[in-house]
Amino acid sequence: MNSANESRSQGGLPEAVWRPLSGLLAVCLTVLAIAWALALPRTLGIAFYPQQFMSAILALALPIAFLMLPARRDAERTVVPWYDCIAAVLSFAALAYVTWNYSAIVNLIFAGPPQAYVPGVIIILLLLEAVRRAAGWALVIIIAVFLFYGLFGDLFPGRLAGRPQDWERLAGYMALDSNGILGLPLSIAATVVVTFILFGNLLAATGGSKFFTDAALLGMGRFRGGSMKIAVVASALFGSISGSAVANVVATGIVTIPMIKRDGYPAHKAGAIEAVASTGGQMMPPVMGAAAFLMAEFLQMSYAQVVIAAIVPSLLYYAALFIQADLDAARLGISRVDKSEIPERKIVRGGGHFILGFAVLIYGLFALNWQPERAALVACLVVIATALAFGYQSKRPSLRQLWETIPLTGKNVVEIILISAAAGIVIGILNVTGLSFNLTYALVQLGGGNKLVLLLLSAVICIVLGMGLPTLGVYVLLAALVAPALIEVGINPIAAHLFILYLGMMSMITPPIAIAAFAAAGIARASAMATGFASMKFGWAAFVIPFLFVYSPTLIMVGEPVDIAVAIVTATLGVWLISAALAGFFMTKLAPVMRIAFAMFGLLALIPAGTFAGAEYTDIVGVIGGVVLMIADWRRSRSLTPQAVS
């Protein structure tokens, strides 16, 4: 018996009731987040704890999850079964109770009274079930392990032994304390992420998304391998504000992957290019899938500092992908996109006003030092105003279309809110048990005090722990577990956090659980594992560059301007050489010996001065050797016929 029939036989809430109800809750969630971002309670003279706001947001998000997400992720929902109705009501009641009575019960956490631990147990259990439905078992299992540690930490050996907690106190602490569920990750998700997802939804509703896709088509479609370059550019643009690599794959991949395949590119490589481009969007300033805002809070530095540090590594990542796509196209003889698919310049120019929204967003963040949520809301107003005034392709959004972005935003943000709340449990356990210090000590000891060994160990941990998790969950988990150990051995804090973000995001394209690559494989109708391994090849830069900026922070804009400029130039040349080696093509098809030589000199050029004693000489050797190889292959191409070149 399928889920729908089972639900009908047991009774439940029909679609005509639960769908409008979930929409109403989603509207309330979005409006509440906007009101808090605009500081309306303070303006109206209403005093709230931030934790009351977050518990109210969670009181709306959990019922939405139980109304919309079936217990089996592959099932279709037509009727909400009775047990999900109970879960929705219980979660709302428990969190509404916390919201209303927070000031009275927050100081009773460690006394362990029923008014603290009863709602705490309900919230934790229902939150874990909602996370399972939204994101799968991976994060739930990790959190369950941490909860077990919180209760029985004294059973663990050696330095990993922790302070065990009574279940009553632990439940109250997790549900009520600012270091638990109602902590920093949920705060960022409930304000910054909501407003940026609203911004993205408004772009989609007003034609902005189509404009940027058309602009990518116009700009890249006229060159060889244009379809692949379109995928890279479009995914970089959308990925930064989507908050999810998988969502980005689905949103842009349905257009770009079939286009790449039509040009004669193998299906698994078409999916891989889209997966790598979409994953990179999560590391691309200015938004970085909301991770940048959390990073700024964790490091107690300005958002602008985080973005500036991330610019060069992200550009090198996309340069590697772009160059490989171009050289692969040349090797395979893939030409430009068919002219019939390229929009007219005049039509695309008519959507230029959408750029103003991004300009206002960036100006507000960097020049005016606005809070991210405020900058995003002002950018939303600019998008609405310009779309209503100018439209795109002779179409203007209706008021209904604009309104529909409000409930859509509330529904889209539920998964991120749930994951952020669940990540707060990990942070809470680390704090209350002392595991944070113990884990840092254990990792440093395991690395034997050797920075490279610790980095390699941390890279493996980042990729393994990140498997199956969305961006924000990956970053929060690794920032709590791995980053402190890296900082402890003297690594620049922002370099440590960017290191874990990059390696954690690589779990999206690294088999066996490469969720972004597998999503792209589904669209491309290609082998999932073949797409995953091809993704690793296209995304090679993200496995290498983090090690380089840890040893030489010039790549994250730390150092003298001349040193930074030299590091950027030599790293770009190194990326080009290694990408050519991987593609097996530069100006002509490269023989195995030439590929090895390109890779070797590329690696030498890629290593920044200051990485180790004498590294400046490896730069010189790499640059000279690389340039000689490039000139030699260029001269060879001039002596060959076009057919012999490829």
Completion exercise
Of the residues in the stretch 62-92, those that are surrounded by 14 or more Cβ atoms within 10 Å (Cβ to Cβ), of a type outside the set (Ser, Thr, Tyr) and in a helix (DSSP H, G or I) number 13
Handout entry: Residue match in the stretch 430-448 (condition: closer than 22 Å to Leu418 by Cβ, buried (at least 22 other Cβ atoms within 10 Å of the Cβ), in contact (Cβ under 8 Å) with a residue 12 or more places away in the chain and not hydroxyl-bearing (Ser, Thr, Tyr))
Key = yes
Completion exercise
Of the listed residues (Arg331, Arg400), the one being outside any loop (DSSP other than H, G, I, E, B), out of contact with any His (no Cβ under 7 Å at 6 or more places or on another chain) and closer than 30 Å to Ala583 by Cβ is Arg331
Exercise for the section: List the number of the failed condition for Val453; all other conditions in (1) more than 24 Å from the chain's Cα centre (by Cα); (2) modelled with pLDDT under 85; (3) among the hydrophobic types (A, V, I, L, M, F, W, C) hold. Expected result: (2)
Handout entry: Top-ranked residue of the stretch 182-225 - restricted to ones that are part of a loop (DSSP other than H, G, I, E, B) and in contact with a Leu (Cβ under 9 Å, 6 or more places away or on another chain), ranked as nearest to Ala422 (Cα to Cα)
Key = Leu182
Exercise for the section: Evaluate the stretch 134-142: report whether one residue or more is at pLDDT 90 or above and surrounded by 15 or more Cβ atoms within 10 Å (Cβ to Cβ). Expected result: yes
Practice task
Go through the stretch 95-129 and count every residue that is crowded, with 17+ Cβ neighbours inside 10 Å, part of a helix (DSSP H, G or I), touching a residue at least 40 places away in the same chain (Cβ under 8 Å) and not charged (D, E, K, R).
Solution key: 17
Completion exercise
Of Ala189, Ala231, Ala171, Ala251, the only residue that is touching a Ser or Thr at 6+ places or on another chain (Cβ under 8 Å), buried (at least 19 other Cβ atoms within 10 Å of the Cβ) and more than 21 Å from Ala519 (Cα to Cα) is Ala189
Exercise for the section: Being open to solvent by 100 Å² or more (accessible area, probe 1.4 Å) and more than 13 Å from Lys229 (Cβ to Cβ) is the filter here, so list the residues in the stretch 326-339 that pass it. Expected result: Lys339
Fill in the blank from the handout: Taking the stretch 461-494 and keeping residues closer than 23 Å to Gln300 by Cα, open to solvent by 10 Å² or more (accessible area, probe 1.4 Å) and either assigned to a loop (DSSP other than H, G, I, E, B) or charged (D, E, K, R) (or both) leaves Glu488, Val489, Gly490, Asn492
Problem - Scope the stretch 155-200; condition under 18 Å from Val378 (Cβ atoms) and either among the β-branched types (Val, Ile, Thr) or over 17 Å from the mean Cα position of the chain (by Cα) (or both); matching residues - result: Thr191, Val192, Val193, Val194, Thr195, Ile197
Completion exercise
Inside the stretch 351-393, the number of residues satisfying the requirement of being surrounded by fewer than 17 Cβ atoms within 10 Å (Cβ to Cβ), more than 22 Å from the chain's Cα centre (by Cα) and more than 20 Å from Asn201 (Cα to Cα) is 4
Fill in the blank from the handout: Among (1) farther than 20 Å from Gly225 by Cβ; (2) touching a residue at least 60 places away in the same chain (Cβ under 8 Å); (3) in contact with a Ser or Thr (Cβ under 7 Å, 6 or more places away or on another chain), Ala571 falls short only on (3)
Exercise for the section: Scan the stretch 404-422 and give yes if some residue there is open to solvent by 20 Å² or more (accessible area, probe 1.4 Å), free of Cβ contacts under 8 Å to residues at least 24 places away in the same chain and more than 30 Å from Gly120 (Cα to Cα), otherwise no. Expected result: no
Practice task
May I ask you to list the residues in the stretch 270-325 that are under 16 Å from the mean Cα position of the chain (by Cα), acidic (Asp, Glu) and open to solvent by 10 Å² or more (accessible area, probe 1.4 Å)?
Solution key: none
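The values are calculated or read from the model by the stated rules, or taken from the named source; none is laboratory data. Predicted, not measured: the structure shown is a model, and the values here were computed from it. Glycine gets a Cβ as well: all are built from the backbone with ideal geometry, and neighbour counts include every protein chain shown. Remember, those area values only see protein heavy atoms, side chains included, never the ligands or the DNA or RNA. Shrake-Rupley method; radii C 1.70, N 1.55, O 1.52, S 1.80 Å.
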